[in-house]
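Asker: Sharing a structure below in structure tokens format, with a few things to ask.
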Amino acid sequence: MLKKILSTFQKGTSQASPAPTLDIRRVIRAPQPEPEPEVDDSAEAEEEAPPAPEMEAPAADPALAAQEAVDSLAARFEIWMRMDLDTLADAWKAAQGADAGPDKYRAVFTAAHNIKGAANSYGYPSIARLAASLSDLLGATAPGENAALINIHIEACRAAFNSVGEGKAAKEIADAVCEALEQRVALKIAAG
């Protein structure tokens, strides 16, 4: 087989070779017809390639397939959100230390910003609002300033996380807390 490949290169590239076909079975997960095996009677024939893995049949309804994919990840959303909130709390704890400087506050901002971007996707809209408000506050805060308001935001995020699924009253309370903190941050930023 190696001789066959080498002889192809030695003949030159004057002949146009056919364009390679793309195998996208892994991407779309649709069954593709198996290519017909080439018959190689030479003594240099390599071992047979392992058979292609069986592909799942495509779902009849793409929306249903997408919902199933989201549902399979939903159990992880809670874990990811808890990890993000722990990262935020740890960054805030480090920012309150004696050696705290702009880099420590930047870590708190980055953690809040990451939560702001992910929380809605994870199903935590109140936490997304709180993290957005915290990001705004941190963007206008120098190290050592607004510690109480930053702390309230972080604790409110934890409370919102722990109250998910508690019903309409918990959602209304979370919305009221979000609104109050957003207003307080707007006043702080306006006061400069």
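Asker: Could you list all residues from segment 110-127 that are over 14 Å from the mean Cα position of the chain (by Cα) and among the charged types (D, E, K, R)?
Answerer: Hits for segment 110-127: nothing passes.
Asker: Restricting segment 67-92 to residues that are small (Gly, Ala, Ser) and in contact (Cβ under 8 Å) with a residue 12 or more places away in the chain, which is farthest from ILE154 (Cα to Cα)?
Answerer: First, the residues of segment 67-92 that are small (Gly, Ala, Ser): 69, 72, 74-75, 89, 91.
Now drop any that are not in contact (Cβ under 8 Å) with a residue 12 or more places away in the chain, which leaves 74, 89, 91.
Numbers: ALA74: 23, ALA89: 7, ALA91: 11 Å.
Among them, the one singled out is ALA74.
Asker: Just to be sure I understand the filter: pairs with C-beta atoms under 8 Å, separated by 6 or more residues or on different chains, first member in segment 108-128 and free of Cβ contacts under 8 Å to residues at least 60 places away in the same chain and assigned to a helix (DSSP H, G or I), second member basic (Lys, Arg) and surrounded by fewer than 17 Cβ atoms within 10 Å (Cβ to Cβ). Which pairs pass?
Answerer: Pairs found: SER126/LYS171.
Asker: Next question, about the same structure. Please determine, by comparing only the residues of segment 156-188 that are in a helix (DSSP H, G or I) and loosely packed, with under 13 Cβ neighbours inside 10 Å, which one is farthest from the chain's Cα centre (by Cα). I'd like the intermediate steps shown before the answer.
Answerer: Of segment 156-188, the ones in a helix (DSSP H, G or I) are 156-162, 168-188.
From the residues that got through so far, the ones that are loosely packed, with under 13 Cβ neighbours inside 10 Å too are 162, 168-169, 172, 176, 179, 183, 187.
Details: ASN162: 21, LYS168: 28, ALA169: 30, GLU172: 28, ALA176: 28, GLU179: 27, GLN183: 29, LEU187: 33 Å.
In this case the residue turns out to be LEU187.
All of the numbers you see were taken from the coordinates with simple rules; none came from a lab. Quick caveat: nothing in here was measured; it's all calculated off a predicted structure. Methodologically, a virtual Cβ is constructed for each residue, glycine included, from the backbone with ideal geometry; neighbour enumeration extends over all protein chains shown.
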